[in-house]
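Okay, so here's the structure we're looking at.
Any read-out appearing in this document is the output of simple, stated calculations on the displayed coordinates, not a laboratory observation. Predicted model only: the values in this text are computed from it and were never measured. All Cβ positions, glycine included, derive from the backbone under ideal geometry; neighbour counts span all protein chains shown.
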Ligand code: HEC
């Protein structure tokens, strides 16, 4: 938690520093903050790569992919049949209230409604997405 807070402080510092030269640094700070939050809130169920098994599906390359499509993962019927594509907007709705967004999912409820916290997690998810999901990002 201490590391998380200092990362948030760093992100705040970078925001107030402003300017386009800081854009890259700002994105990196968001990724760092997002990674810290991911470790607290998501990592115990979601490996960030496909090499590690976890209780939930790996979130590598999640942005832009169809829901329920990691090969070999035993999804709920609800998620598999949902037709959801994981745009950033869909991921925000999921983080805010996944069980309301998709009744029948077997992921237990998470309620991350704070848009800034969502921004950080999305920055991290973009960093573990190797193909370009930008065309469908909002
Ligand atoms: C307690 C374990 C647990 C936690 C914590 C958790 N998840 Fe999940 N997640 C799951 C499970 C299980 C599924 C599969 C759901 C299903 O099949 O209905 C899932 C599915 C997903 C999916 C759909 C993936 C796909 O391949 O379609 C996304 C996206 C996701 N979770 C994001 C997150 C994020 C982001 C966090 C942290 C904010 C998080 N989850 C926290 C267990 C968890």
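With all projection directions averaged, the alpha carbon convex hull of segment 28-138 covers 6.5 nm². Rg/Rh for segment 46-89 (Cα atoms only, Rh after Kirkwood) is 0.94. Sorting the segments 22-29, 56-63 by their residues' average number of neighbouring beta-carbon atoms within 10 angstrom, most packed first, yields 56-63, 22-29.
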